[in-house]
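Engineer: I'd like to ask some things about the structure below.
Every number here is computed from the coordinates shown, using simple stated rules; none is lab data. Fair warning: this is a prediction, and the values are worked out from it, not measured in the lab. Cβ placement follows ideal geometry from the backbone for every residue including glycine, while neighbour counts extend to all protein chains displayed.
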Amino acid sequence: MTPKAKRDFLRVADLSGDELRQLLDHATAMKNQRRHGGQRRSLEGRSVALIFEKSSTRTRVSFEVGAFELGAHPVVLNSRDMQLGRGESIEDTARTLSRYVHAIVLRTAGHDRVEALAAAASVPVINALTDDHHPCQILADLLTVRERRGSLEGLRYAWIGDANNVARSWVEAAERLGLALTVASPEGYGFKARELPANVWQVVDPREAARGADVVITDVWASMGQEGDAEVRRAAFAGYQVNAALLADANPGAMVLHCLPAHRGEEIDAALLDGPDAVVWDEAENRLHAQKALLEFLMR
């Protein structure tokens, strides 16, 4: 019998719309099991390598805890402490780790690095963030919207801010699931038209994007590695803060999502993070449940 080809998750587009929905169903079931004291140790006896070439809080903890709760052993690796830090190629690292572990999770800069790792590895590879994509975050975001609204369909989504890795993954999710998404970015910080499917629109005015929206999403104006441009970006994004004034144009009770960490008072008003209706903490928690479902999907 020919072995089944291994699956990787490097970008949202690696899954079909049906697979995304099934994964979210499974994440919901796993979350409910955890809340009621049940743990499915479905990956007992397996190991997962977690390689971090960029700093992390939510991604590292959620993957480490998630692997442990599924019965797998998480092996957390800092690239500076590996032979990667002394010049070993990412391909040789992939081939070696594939002999030890059952999956590899990588958080890095260039998307070409996670692609090279996946091409050389014989075990599933998961993108835990690159400069181009952040697919695991979008799984948590979708799970949060569905929990709060009961469905992903029939809603209007607005991205306010830089066309960064999270935004790009949201565009792919919108394409796969048929969601109506409007992206608002300053001139020079948006997507190229050819990058957008027919159900995603791009505007410059953030109020235009927020008008009639049910879900408003934002992120920092300067991502990791762009700190040197922070002042220039603050000037360019003035007027793009998600706050009560902007939400006045959205539908009543619109959800506000932020992947965190947030720069309070810049891209988002702190009141939206600390208020009783804040959903960002559910969103952060859902990283755990969505990634547990993803690990099972790829490793079983």
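Engineer: How do the pairs read when you match residues in segment 21-46 that are surrounded by 13 or more Cβ atoms within 10 Å (Cβ to Cβ) with residues anywhere that are among the small types (Gly, Ala, Ser) and not in a helix (DSSP H, G or I), using Cβ under 8 Å and keeping only pairs 6 or more apart or on different chains?
Structural biologist: Pairs that qualify, where the first residue is surrounded by 13 or more Cβ atoms within 10 Å (Cβ to Cβ) and the partner is among the small types (Gly, Ala, Ser) and not in a helix (DSSP H, G or I), are SER42/GLY71; LEU43/GLY71; LEU43/ALA72; ARG46/GLY71; ARG46/ALA72; ARG46/ALA103.
Engineer: Further question on the same structure: Mind checking which residues of segment 105-151 are among the polar types (S, T, N, Q) and over 11 Å from the mean Cα position of the chain (by Cα)?
Structural biologist: THR108, SER122, THR144, SER151
Engineer: Pick from ALA278, ALA248: which is without any contact (Cβ under 8 Å) to a residue 24 or more places away in the chain and either under 20 Å from the mean Cα position of the chain (by Cα) or surrounded by 19 or more Cβ atoms within 10 Å (Cβ to Cβ) (or both)?
Structural biologist: Result: ALA278 is the single residue among ALA278, ALA248 that is without any contact (Cβ under 8 Å) to a residue 24 or more places away in the chain and either under 20 Å from the mean Cα position of the chain (by Cα) or surrounded by 19 or more Cβ atoms within 10 Å (Cβ to Cβ) (or both).
Engineer: Which condition number in (1) closer than 21 Å to ALA209 by Cα; (2) part of a helix (DSSP H, G or I); (3) in contact with a helix residue (DSSP H, G or I) (Cβ under 9 Å, 6 or more places away or on another chain) is the one that LEU139 fails?
Structural biologist: Only one criterion is unmet by LEU139, namely (1).
Engineer: Can you tell me how many residues in segment 216-246 are part of a loop (DSSP other than H, G, I, E, B) and either of a type in the set (Val, Ile, Thr) or under 28 Å from LEU179 (Cβ atoms) (or both)?
Structural biologist: 12
Engineer: Related question: Is it the case, given these coordinates, that ASP249 is assigned to a loop (DSSP other than H, G, I, E, B) and either in contact with a helix residue (DSSP H, G or I) (Cβ under 6 Å, 6 or more places away or on another chain) or among the hydrophobic types (A, V, I, L, M, F, W, C) (or both)?
Structural biologist: Judged against the criteria, ASP249 is a match.
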